[in-house]
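The values are calculated or read from the model by the stated rules, or taken from the named source; none is laboratory data. These numbers were taken from a predicted model, which means no experiment stands behind them. For neighbour counting, all protein chains shown are included, and Cβ atoms are generated from backbone atoms with ideal geometry for every residue, glycine included. Side chains included, ligands, DNA and RNA excluded: accessible areas come from the protein's heavy atoms. Shrake-Rupley method; radii C 1.70, N 1.55, O 1.52, S 1.80 Å.
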Amino acid sequence: MSKPLNIRNFCIIAHIDHGKSTLADRLLELTGTISKREMKNQVLDSLDIERERGITIKLQTVRMKYSASDNKEYILNLIDTPGHVDFNYEVSRSLAACEGALLVVDASQGVEAQTLANVYLAMEHNLEIIPVINKIDLPGAEVERVKKEIEELIGIDTSGTICISAKTGQNVAEVLEAVIQNMPPPKIVVDKPLRGLVFDSYFESYRGIIVYLRIVDGSVKVGDEILFMANNKKFIVSEVGYLTPKQVSVNELKSGEVGYLAAFIKDVSSLVGDTVTSASNPASEPLIGYRPAMPMVFCGLYPTDADKYPELRDALEKLKLNDSSIHYEPESSGALGFGFRCGFLGLLHMEVAQERLEREYGLTLIATAPSVVYKVTKAGGEVIEVDNPATLPDPNHREKIEEPFVLLHIFVPNDFVGPIMELCQGRRGVFKDMKYLDSKRVQLSYEIPLAEIITDFFDNLKSRSKGYASMDYDLIGYKESKLAKLDILIGGDPVDALSTIVHTDKAHYYGRQLAQKLKELIPRQMFEVPIQAAIGGKIVARETVSAIRKNVLAKCYGGDITRKKKLLEKQKEGKKRMKNVGKVEIPQEAFMAVLKLESE
Amino acid sequence: MNYTITAESIYIHIPFCKTKCPYCDFASWANKENLIEQYFDALLFEIRTKCEAYKSLELRDKNRKVKRTIKTIFIGGGTPSLVSPELYEKLFSELKKYFEINNDCEITMELNPGTAREDYLLGYKNLGVNRISIGAQSFNEKILETLGRKHSADETIDAINKIKLTGFTNFNLDLIFSVPGMTKDIWIESVYKALDFAPKHISAYSLIIEPGTPFEHIYKQNKNSKALIEDDFAFEFYSELCKILKQSGFIHYEVSNFAKPGYESKHNLTYWLAKEYFAFGVSAHRYLNGMRTGNTKNLEMYISSPNHETIIDYPINYNFEKIMLVSRLSNEFDVDLIEKVTTKNRGEIRNLLKDLSNEGFIELSRDKIHLTEKGLFVNNEILLKLI
């Protein structure tokens, strides 16, 4: 055994807005990892979307050096985690690379539903959990109440709780000390063949796929030949290093360390969760990977410009390296041409993936309304899975449709229980349980079809609770429902990409609503555009977008010419975001119109 | 670099007004008449130095020996009719040093009712001005008041009579529709009233709320947009106008312009045919040697350095501009032009044109198209399909 390294690998679990990224910023500052000069807010949120939306999507890793009060030097690897329920898969990956977790809870908000889900994940991985109560500088801080909540809800000892303000920096140093004293160091195993767990990857054109990994056994250095055990592919290591969060190359990564590896890896579709070992001296058993992510929400993604299909395919391939929870397979639509049916963990995940495809790969996309996977029993008794409403067999060719149900948990202040129950019942939810978490907060549980909560449910939940409610859900299985397909005809022709599957009791209502919404979203054109909603071939609603009668710039003389030209070029750009379906130009948002309907 | 001038038109900007209309976003100022003389000094200086430069550039390449013949001159504003013929005499003699200006040159001057002086008008006529454009806008007192015009309908009539007495036969009347408070009847009445004076040309614009004008503040920022007239209703005004003028023997030759046969504005056609032109004066834009340049919009700055110009657009996407401009005319243009500005292939263009023709927006022959009246109304939409 060589001299043990003083290493701690840990992550931060927190609900959105409870201050995880701010705390991470403070830790980076305190350890001198990032100088004040380089410091910008939310250093670890590297995607543009993350900074803009103030959320963490991708996990980020950073190595910090810290001289503790025991005068020893430690290496701390912080693996940042996303807080939103959609990104649980990313969380579970980072947890597998850690020995401990900081549980950050807002001193006035208390424990939220999603935090709970992530803490349970951490407990499954046997992580040491240190509670941290943040934002104690705020006037509404109730440290004792939140402590009690942590004890009662999560069942962990809160005597070691650290109360901090990440914003002002108060008590943040104590967090680092607690990490060193209370979290176990990684088990160092040097006398066994290399085993490293890949927890993230991304593609670079010159170095190939860059792999982020945690070395469990042995070590890896430049020039080694490595083997990815699940993929059964071999490569020669060209670079290893750690992250500050910038990549810093070193000669060797050893047992217990977290870092990156490059080996000119190309043409490997899925590395995350795989085990790296030595090609000449392979380990006998791979490490335990992750639960494969289960896509719950599906939608069609199509390039607005049909010629861009190959670009979209390449972009999806590359994005999947960085976000392995995305599923995709080719499909085609009469209205939209060639595209992909894509599976996501949730609605936010879907939005984020679409946005990343557009920004990082310069594409303009049409996304169809999200759908769940239905199990349809056909007339002959054969059961098929339907994730695209357009492919639902006709009523006389099917016996029944089953849809996925979830057990939904909502944490909400008791003032808002009424409106939230109303919301759940309006969405076909069946009440299961109501628990008082403390004197002010309630946990509601409903059995509810997944399809009902992947649309605008979360937005509604937030608006009905003034932003206080949080939710989490688990899939509980499939149940038969009375469902029908709602078709939309534009200019007399059915547009397959606008079809949705809805509950029969609401089908007429949704038909009317959808037709009205489309009328608002489809801009007036040079001719009249009729919009019809149909159920099983029967028209249930009709709206008309009237023709533009006048659209011309009155004056166009000397100085106006350049202005008018610029305006025209801008309008032309806008048109590129529209899809021509027949003669009708339909904007991107129209394909998501079903998400924007007011519920009954 | 090869320097080639093809321009045969000149624009002159006169930025002075008695009062500033609240919808106007042109470079024009009230109560600055004390600067008129200085302004003309600057204007003459600009003409002299720029023309010397043009001359030397042309000589270098083409050894041009004779003066360039000018076919149209447009003196716009502002209110050019505020300025005395003596100053214009200086202007013309400066221009004639560099350009050949014959009797068949179309020379237009803009005039605002309330500023018409018989002595001035006679002076302009003697200098060669042969076309007057009158900013009548409306013959309804209420509408004139809403527009913030400081003249009455009677003053407009008086101005028209004066120019006729002076001997001008070729004149244009500017009219505005879609004015808040305007009914269809008020509009039609103004159109017929205009026709009573037998103008050779009518320009009719819908009111546009321009950014930075007092009207923007009144109608957009105060959320008082209810008072504004919707585009659908503006269509009604426009379509009435087209009907009446057609019946009275006018040709609808450009989106907003109507003329008796042979009286189309030759000057404005140079713009709409994407031809090059000279321009002088504050805020003036020119198009020469494939480049669009513009002067400062600041009057005092112009007076102190009249030669300063900035590039507005270069290199120019000529075909894009050309289709944008010629599609404003009722005259036909080549289908080839579409191929030059779009990524669509020949077959796709044909299908598109067939659709547009079936819907009555264009008329299509073998290799030429022209917009119908229905098409001119939605010129912008058609353009967006063609480019």
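Below is a table of values for the structure above.
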quantity: Those lysines that a straight Cα-Cα span of less than 23 Å connects to B:Lys50, excepting residues fewer than 8 apart in one chain; calculated: B:Lys62, B:Lys65, B:Lys67, B:Lys71, B:Lys90, B:Lys96, B:Lys97, B:Lys275, B:Lys297
quantity: Solvent-accessible area buried by pairing B with A, both sides, nearest 100 square angstrom, 1.4 angstrom probe; calculated: 3600
quantity: Per-residue average of Cβ from other chains inside 10 Å of A:539-551; calculated: 4
quantity: Where Rh is the Kirkwood radius over Cα pairs, Rg/Rh for chain A; calculated: 1.00
quantity: Per-selection Kirkwood Rh - segment B:57-137 (Cα, Å, 1 d.p.); calculated: 13.9
quantity: 222 nm mean residue ellipticity, helices alone, for chain A (DSSP H n ≥ 4; -39,500 (n - 2.57); rounded to 500); calculated: -7000 deg cm²/dmol
quantity: Cleavage-rule hits (trypsin sites (Lys or Arg not before Pro)) in segment B:312-384: DSSP loop, at most 10 neighbouring Cβ within 10 angstrom; calculated: B:Arg366
quantity: Dipole magnitude of the protein assembly as shown, debye to nearest 20 (Cβ charges: Lys/Arg +1, Asp/Glu -1, about Cα centre); calculated: 2540
quantity: Neighbour net charge for B:Ser133 - beta-carbon separation under 9 angstrom, K R +1, D E -1; calculated: -1
quantity: Segment B:215-276: trypsin sites (Lys or Arg not before Pro) falling in loop per DSSP and having at most 11 other Cβ within 10 Å; calculated: B:Lys223
quantity: Neighbouring partner chain Cβ atoms per residue of B:381-387, average, 10 Å criterion; calculated: 5
quantity: B:Thr69-A:Asn71 pseudo-label distance in nm [points 7 Å out on the Cα-to-Cβ vector]; calculated: 10.3
quantity: Unit charges on C-beta of K, R, D, E only; dipole of segment B:333-387, Debye; calculated: 140
quantity: Pairwise label distance in nanometres, A:Met434 with A:Thr391, each label 7 Å out on the Cα-Cβ vector; calculated: 4.3
quantity: Net charge dipole size for segment B:9-272 [Lys, Arg +1 and Asp, Glu -1 on Cβ; Debye, nearest 20]; calculated: 900
quantity: Bins of 5 Å, starting at 0 and running to the largest distance - Cα pair percent for segment A:95-197; calculated: 2, 12, 22, 21, 19, 11, 6, 4, 3, 1, 0
quantity: 24 Å Cα cut-off, lysine pairs counted over segment A:154-302 (separation 8 or more, or different chains); calculated: 18
quantity: Signed unit charges on C-beta, dipole axis of the protein assembly as shown, positive-most listed residue B:Asn103, A:Met471, A:Pro330; calculated: B:Asn103
quantity: Distant alpha-carbon pairs in segment B:333-387 (separation over 18 angstrom), percent; calculated: 20
quantity: Among B:Gly249, B:Val83, B:Ala274 the positive-end extreme of the charge dipole of chain B (Cβ point charges); calculated: B:Ala274
quantity: Over chain B: Kirkwood hydrodynamic radius from C-alpha pairwise inverse distances, Å; calculated: 22.4
quantity: Selection from A:Ile488, A:Ile188, A:Leu567 lying farthest towards where the dipole of chain A points positive, charges on Cβ; calculated: A:Leu567
quantity: Stokes-Einstein D in µm²/s, Kirkwood radius over Cα pairs - segment A:359-408 at 20 °C with 1.002 mPa s viscosity; calculated: 165
quantity: Distance (nanometres) between label positions extended 7 Å along Cα→Cβ at B:Thr169 and B:Asn345; calculated: 5.7
quantity: Length-normalised contact order of segment B:106-167 in % [C-alpha pairs under 8 Å, at least 6 apart]; calculated: 42
quantity: Trypsin sites (Lys or Arg not before Pro) lying in DSSP loop within segment A:138-214, provided at most 12 other Cβ fall within 10 Å; calculated: A:Lys187
